[in-house]
1. Would you mind counting up the charge near residue 52? Only other residues with Cβ under 14 Å from its Cβ, with Lys and Arg at +1 and Asp and Glu at -1.
2. Cβ neighbours within 10 Å, averaged per peptide: list 148-156, 109-117 in order, most packed at the top.
3. Packing-wise, with mean Cβ within 10 Å as the measure, how do 6-15, 163-172, 69-78 rank, highest first?
4. If Rh is defined by the Kirkwood formula over all Cα pairs and Rg also comes from Cα, what ratio Rg/Rh do you get for the stretch 8-304?
5. What's the ranking of 173-182, 31-40, 56-65 by average number of surrounding C-beta atoms within 10 Å, highest first?
6. Roughly how many debye, to the nearest 20, is the charge dipole of the stretch 182-310 about its Cα centre, given +1 on each Lys and Arg Cβ, -1 on each Asp and Glu Cβ, and no other charges?
7. Pick out, from 127, 256, 189, the residue whose Cα sits farthest towards the positive end of the charge dipole of the stretch 8-304, with +1 on the Cβ of Lys and Arg and -1 on the Cβ of Asp and Glu.
8. Regarding the stretch 105-159, what are the three Cα extents along the principal axes, ordered largest first, in Å?
Amino acid sequence: MLNQISGLHHVTSMAKDPNENNAFFTKAMGLRRVKKTVNFDSPDTYHLYYGDENGSPGTIITYFPFAHIARGKSGSGEVGTTAFSVPTGALDFWSNRLPGFGATDVKKIEGFGEKRLTFAGPDGDGFALVEVADDHRAPWRHDGIDPDHAVRGFHSVSMRLRDIGATSELLRFMGYEEVDRKEGITRLAVPGGNGAGIIDLEAKPLLEAARLGAGSVHHVAFAVENRAKQLEVRKALMDTGYQVTPVIDRDYFWAIYFRTPGGVLFEVATNEPGFDRDEDTAHLGEALKLPEQHSGLRAEIERYLPPIVD
Ligand code: ZN
């Protein structure tokens with residue numbers, strides 16, 4: 001069993017409109033945009049990162065906004081819910097706030113002894129806020145959101161799978177332990193994690209496969225401290241029979257990717273070097289940053305991409 005993974009690093013999803021996406025995360029949810037760059041594999045598309053002040057691993061939700069993308073269809077083989085941690089007692093504030101910013105299907109529910117507010121984001125994204133009593137991660141400062149209510153980072157992701165067996169086995173190999181099981185949901189957690197250490201697996205044997213589109217999670221990334229630990233994880237996965245990509249430089253972290261038996265795309269990303277490698281912490285996310293390989297395209301990219309209005 002591996003011990004290098006400390007929880008989630010980031011969750012990457014797809015959206016239709018970059019301005020709607022930006023407004024939802026920075027204004028409604030009160031996150032900080034920590035990077036404005038392009039999809040390194042398709043530089044005519046933004047890649048927007050939102051998180052805490054520094055973009056700490058375990059707080060970062062990222063989006064590819066594709067102007068012509070159709071709405072995704074929810075189903076099996078995907079992350080169904082991305083859940084954020086908020087302080088105890090904060091859900092009333094959020095249930096009053098979110099509908100005014102375009103969130104729909106806002107509902108309070110309880111499960112695993114936790115109070116949670118579920119809602120759909122601008123593209124139908126499946127989100128939840130979960131009350132956590134002892135999450136000491138510092139929130140980003142937002143004028144309209146008291147620190148007693150503010151988002152701390154991820155709580156968990158919940159994957160909908162036809163059969164959870166192989167994914168559960170994989171997560172246990174990656175260092176997760178089963179901590180609870182209720183009403184068709186198996187909860188795994190990584191001991192001593194980074195605050196975003198929970199994965200829920202929902203068994204949905206009859207559910208049709210999801211279709212990727214706006215509002216869908218594209219992949220979920222797990223955090224390792226550095227490149228040496230990432231190579232250990234890569235070797236162990238390959239020795240177990242997984243087909244893992246080579247290490248790819250994403251400028252703010254190094255990434256490896258592999259497809260899991262349940263259909264969800266996993267990434268393992270390093271905590272180094274971080275989002276301040278090419279701009280000051282005080283100004284993270286303000287300027288359009290391009291990776292070296294696309295820096296020659298700056299004029300074309302700036303002409304093509306719609307400006308983001310903050
Ligand atoms: Zn990623």
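Every number in this text was worked out from the coordinates using simple rules, so none of it is lab data. Quantities reported herein were computed from a predicted structural model and do not represent experimental measurements. When we count neighbours, we look across all protein chains shown, and the Cβ atoms used for this are built from the backbone with ideal geometry, even at glycine.
1. On the way: positive: 32, 33, 35, 137, 141, 152; negative: 53, 135, 276.
Cβ neighbours under 14 Å give a net charge of +3.
2. Working: 148-156: 23.7, 109-117: 15.0.
Per-residue mean Cβ counts within 10 Å order the peptides as 148-156, 109-117.
3. Values: 6-15: 24.0, 163-172: 17.5, 69-78: 19.1.
Output ranking for 6-15, 163-172, 69-78: 6-15, 69-78, 163-172.
4. On the way: Rg = 18.2 Å, Rh = 19.4 Å.
We get a ratio of 0.94 for the stretch 8-304.
5. Working: 173-182: 15.8, 31-40: 21.7, 56-65: 25.4.
Peptide ranking by packing, descending: 56-65, 31-40, 173-182.
6. Details: 14 positive and 20 negative charges, 122 e Å.
Dipole about the Cα centre, nearest 20: 580 debye.
7. Working it through, the farthest residue towards the positive pole turns out to be 127.
8. Principal axes ranked by extent give 28, 27, 19 Å for the Cα atoms.
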